[in-house]
Amino acid sequence: MGAWFGKPISLTYKKTNAFIKGYKRRMCQSSWDHRGHHHFEGRVATLVEEESAIVHGVLYEIDPEHEEETMKKLLHREKAGYIEKYNVPVFDLKTNDLITDNGLLFYTASGAPEFKGEEPMDKTAHIIAYARGPSGKNTEYLFNLQKGLTNMNVHDPYLDVLVDRVHEVIKQGSSYIADEIKPRTKVLQTLDSATVNAVLGINVIYYSKERVIGRVLATSKIAQPAQIVHGGVNVLFAETLASVGGFLHVPDFTKEVIVGQEINCNHIKSVKVANDESVAILGIAEPVHIGKTSHVWSIKIYNENTGELVAISRMTASVLKVKQRSKL
């Protein structure tokens, strides 16, 4: 079912370590109600068809007395873009014997809105490293999945590489940079040093022309006297993200510079700061208009933990011609 490994429905009564043929496990299913939110969807496992593949997991047998109730719960849980497949042969992990040819499987394929395809692993790793939803951090989901397979004496090479990459992202605090803007990577890496970004701890974690995502820990450093995030921080955060986005769009970043011309911000819900790193705000900037001499950006800021909208901002930026910036 789904990732074919994980939390069983409560009314199942027997489980067996097993495997099926013709599928592989991939973390390419978006999650907005489990390990992410609509504004920043996490990634959860699903099965993808591949003729020569074998995938290991757990076969859960349904108690016949509660079949109707169990199926109702199961179909609700796997509602987000999964395809049902019946009469799937399932084999015992230890003996390789056929357990049943009446297995029920949930998998995804292209065309489902939640199916993201086999996106670059580096992108998946960065999303998982930073996403969280009503069920908790996306990393917990991934690490528990790997742990469960390890306890079965099974290793999934794809999963092992992904877990290692996620650990690297967390340790380094690195950012995802889309392929089309990688030539600007050197400049991007200098933006956070010796600026207000460093003072406030603004960490841009996702760079693309379509979306710029940043994160700030909600500590006393950015608080007003009532120990909530200062409204001015929201504005500065919004302008930072929009300015970064504008930088990614200018044709020649050595001769053009983005400067804020006008910005407004509606503060919707306060965020109480914490003494540790348990609370953060997440900002997402997206272009509304990209012109030769001006840009308009929409920025939304969220409570990373609850997913609640904290502030909405809109910024107009000017594109100015400058002399060649030799230092870049």
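Ligands, DNA and RNA left out, the accessible area of region 94-183 computed with a 1.4 Å probe is 48% carbon and sulfur.
Its Cα centre serving as origin, the chain has a Cβ charge dipole (Lys and Arg +1, Asp and Glu -1) of approximately 1440 debye. Under 5 Å between amide hydrogens, built in the peptide plane, is the criterion, and for I268 it picks out A311, I312 among residues at least 5 positions away or on other chains.
First check a/c for region 165-303, with a ≥ b ≥ c the square roots of the eigenvalues of its C-alpha gyration tensor; if it is under 1.5, answer rounded, and if not, answer prolate when a/b is larger than b/c or oblate otherwise. Present the calculation step by step, with values, prior to reporting the outcome.
Numbers: a/c = 2.05, a/b = 1.33, b/c = 1.54.
Oblate.
Counting DSSP beta bridges with both partners in the chain, what percentage is antiparallel, nearest 5?
Beta bridges within the chain, antiparallel portion: roughly 95 percent.
How large is log10 I(q)/I(0) at q = 0.08, 0.10, 0.12, 0.16 Å⁻¹ when the Debye formula is applied to the Cα atoms of the chain, each weighted equally and without solvent? For the chain, the Cα-only Debye profile gives -0.46, -0.67, -0.88, -1.28.
For R43, the amide hydrogen comes within under 5 Å of the amide hydrogens of S31, counting only partners 5 or more places away or on other chains and with H modelled in the peptide plane.
Ligands, DNA and RNA left out, the 1.4 Å accessible surface of region 19-92 is 50% carbon and sulfur atoms.
Over the chain, Cα pairs under 8 Å with separation of 6+ residues give a relative contact order of 13 percent.
For region 237-319, the alpha-carbon coordinates run over 42, 23, 16 Å along the three principal axes, in decreasing order. Ordering W32, V163, V257 by Cα displacement along the dipole of the chain toward the positive end leaves V257 in first place; charges were set at the Cβ atoms of Lys, Arg (+1) and Asp, Glu (-1). Along the axis of the charge dipole computed for region 41-187 (Cβ charges of +1 for Lys and Arg, -1 for Asp and Glu, origin at the Cα centre), the listed residues G111, I177, P134 are led at the positive end by I177.
Need one number for region 38-109: average projected area of the convex hull over its C-alpha atoms, nm². It would help to have the intermediate numbers written out before the result.
Values: hull surface 25.4 nm².
Convex hull of Cα atoms, orientation-averaged projection: 6.4 nm².
Rolling a 1.4 angstrom probe over the protein heavy atoms with all chains in place gives region 53-159 an accessible area of 54 Å² per residue. Which value, in Å², gives the accessible area per residue of region 170-324 when a 1.4 Å probe is used on the protein heavy atoms? Dividing the accessible area of region 170-324 by its residue count gives 49 Å².
Along region 26-33 the Karplus relation, 6.51 cos²θ - 1.76 cosθ + 1.60 evaluated at θ = phi - 60°, assigns HN-Hα couplings of 9, 8, 10, 9, 5, 9, 10, 10 Hz to successive residues, with x for each Gly and Pro. Loop-resident GluC sites (Glu not before Pro) (DSSP state other than H, G, I, E or B) in region 112-206 with no more than 16 further Cβ atoms inside 10 Å of their Cβ: E118.
The values are calculated or read from the model by the stated rules, or taken from the named source; none is laboratory data. All values reported here derive from a predicted model rather than from experimental measurement. Every residue, glycine among them, receives a Cβ derived from its backbone with ideal geometry; neighbour counts consider all protein chains shown. To get the accessible areas, we keep the full protein, side chains included, count just its heavy atoms, and leave off ligands, DNA and RNA. Shrake-Rupley method; radii C 1.70, N 1.55, O 1.52, S 1.80 Å.
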